[in-house]
1. Show me you know the interface measure: the accessible area buried between B and A, both chains summed, probe 1.4 Å, in Å² to the nearest 100.
2. Can you work out the accessible area per residue across segment B:294-402, with the rest of the protein chains kept in place, probe 1.4 Å, in square angstrom?
3. Points 7 angstrom from Cα along the Cβ direction at B:Phe380 and A:Asp127: gap in nanometres?
4. Loop-only chymotrypsin sites (Phe, Trp or Tyr not before Pro) in segment B:317-392, please: DSSP not H, G, I, E or B, and at most 14 other Cβ atoms within 10 Å.
5. How far apart, in nanometres, would the label points at B:Gln147 and A:Ala179 be if each is projected 7 angstrom from Cα along the Cα-to-Cβ direction?
6. Any chance you could run the full-extension gain for B:Leu37 through B:His175? It's 0.36 nm times the residue separation minus the Cα-Cα distance, nm to one decimal.
7. When the Cα atoms of segment A:124-247 are enclosed in a convex hull and the volume is divided per residue, what value in Å³ results?
8. Please report the carbon-and-sulfur percent of the accessible area for segment A:142-191; probe 1.4 Å, protein heavy atoms only, DNA, RNA and ligands left out.
Amino acid sequence: MSLIARKIHKSFVSSEGESIEVLRGVSLECARGKTTGLIGPNGAGKTTLLRILATLLQPDQGEAFIEGLSLRENPALVRRKISFLTNTAELYRRLTVRETLEFFSRLHGLPPKVFQQQLKRLTDELDLADFLDRRGDRLSTGMKQRAALARAILHDPPVLILDEPTNGLDILATQRILAFLRERQREGKTILFSSHHLTEVEELSQQVIFLGKGEILARGSLSEILETTGQATFSQAVNHLYPASTP
Amino acid sequence: MKSGSFTHQTWTVFRKEAKEILRDKRTLFAMIGIPLLLIPGLFLLIAFLAFFFLQEAERETVFYALDEVRVESFPALKAINQWDNWESRPLTHPREQIESRELQIVVQEQKTESPENEKIPRLQIFYHEGEIRSQMAAERLHQALNQWIEEHQAAEWESAGLAPERRTPFQVERHNLASPEKVTGGLLGGLLPYLVVMLSLTGAAYAALDLTAGEKERGTLETILSSPVAREALVLGKWLLTFLASLLTSLLTLCSLGILLFSVPPLLFPQAEGSAHFLPGFDVGALLGTLVLLFPLAAFFSALLLLIGIWARSYREAQSYLSPVFLLALLPAIVSTLPGITPNVFLLCLPIVNVCLLAREMFLGTYLWIPILGVMGMNFLLAALALLLTGYFFRKESVLFRY
């Protein structure tokens, strides 16, 4: 397994001093080279789970491993094995896309030659050429998202953790991102991504995880989900799992 | 007001914004608390401290010397022997003794000729224009002598029908004995360190907030935290830039002020004899010394502001924390410019005050090397502690993800 999480618990203290349990014993496994889609309404705990797997947050209980490395014991090594795309996908406003990519390549310790090769590859695949030398604050949402994805994957990690990678994008930009992710699937990358778009989860994922109120409500391949819920379509399965709120 | 009209929309937006602002405790504090409580409190405190330090200065011993004065000609002078805290000292080199503050005043007798060639004794009080104790002593003696003349002599002489210019047994004059360098040094020493300290804080503030609260708000902090960069490296990188911004702001301000003070007056007043005429006390050594003293303080400011920035949920929240920080820095900076205040162990232990006081001493020509090294060491230690705390906050998720 490329990514394993076991009984992850996480609580936050609100500004009123109240403890809010966001994750309640979440366990999941992502096979190497497979794509897992994470679905759930707002507040289900998707972002918190992804942040824990990206080593940004520590679980209160439970443990997680990426490529055999414990997140608790080796967070710095884990960060070299993953790419993390936040749901805002913001870039440095006053740096150009090229400068941002160069900055992260330095943080990842990529030799200049490797960086140039990666830059060329990503520029072609994500169609960055038109705005490579444009500042972050002068990009459209779609451009930012593509540049952020390039930034995340620059060091060619085996595991991609993506929080709503198509958030706020139009159809064309979404298609471009999905095509890019399909290409990564073919390369054998392990992908865990969250989304509110059922079609893209349906299209990309070999495994789907339904998260609700910090717990896993259902998991499995699409056919397994349909079988478990007794529904005919993915959309109906979602409505069945979230009767009060449809994501 | 018609519903849906431009005015109605404006009013609706205004009400919503007002509601939001009034529910924001930080903004309320900045809007109401600071002007109503903090500012009056600050000024009261400054007034109290000014009064306190003037009282202290008054209580301190005044050392004086009489230079060829025939005391029998000036009976009023006999009284100063009985004044509390006035002590006579031998006179060797009047100017040096006054400039070094070994003596506060020197009284000298000189003869002058009256309009009718009658000799009227003249008393000259020499003092240091840039030193408050010296000024106060000169003022007190001057007043006392004049009062004596008024009470004991003038009325009798008037009744004797003497002309006004002859109704005095002696004349009293005050003269500044300190060189212009020392006087200007006193003025610049009070102003420049204060200015430099405040600008160092201003220079650091906006960089620090943009690099922490700004990044947090824009979501780019999360991105960099998930990269392999060590948290310590991240903090140090941000701190270095803030530190540099702080120093650069101070340095550029000093340079521009220096250029302004040296170049503009000769251009405006070409009849004057060069720039030295305008800034006789502009000691480049003291200026460089101030910058060196500022290093650890700027390091401390930078770490402190990063700490505030990372603690804040947003850029706006961080900005609201800035006002109290500026006021807190302003108070000690002002305290150090108060008249009569001199470095002592307690004051040298107070950040900002210590730098301002030692810098002022430098401009007055006194380099207190051991206190300078001690203060620099202490401020470096404070900077290190603040930096360690910032590093700790950068590892604390409850701070980093405090939305």
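1. On the way: alone 21270 and 11990 Å², together 31380 Å².
That pair of chains buries around 1900 Å² in total.
2. On the way: 4180 Å² over 109 residues.
About 38 Å² of surface per residue is accessible.
3. Using points 7 Å along Cα→Cβ, the separation is 5.7 nm.
4. Values: sites: B:Tyr321, B:Phe326, B:Phe346, B:Phe363, B:Tyr367, B:Trp369, B:Phe380, B:Tyr392; in loops: B:Tyr367.
Answer by residue number: B:Tyr367.
5. Inter-label distance under the simple model: 9.7 nm.
6. On the way: separation 138, 0.36 × 138 = 49.68 nm, distance 4.38 nm.
Full extension from B:Leu37 to B:His175 adds 45.3 nm.
7. Numbers: hull volume 15.7 nm³, N = 124.
Spelled out: Cα convex hull of segment A:124-247, divided by residues, is 126 Å³.
8. Values: 800 of 1630 Å².
So the carbon and sulfur contribution to the accessible surface is 49 percent.
The values are calculated or read from the model by the stated rules, or taken from the named source; none is laboratory data. Values in this document were obtained by computation on a predicted structure and should not be read as measured data. Heads up, the Cβs are rebuilt from the backbone with ideal geometry, glycines too, and the neighbour counts pull from every protein chain shown. In case anyone asks, the SASA skips ligands and DNA or RNA and just uses the protein heavy atoms, side chains included. Shrake-Rupley method; radii C 1.70, N 1.55, O 1.52, S 1.80 Å.
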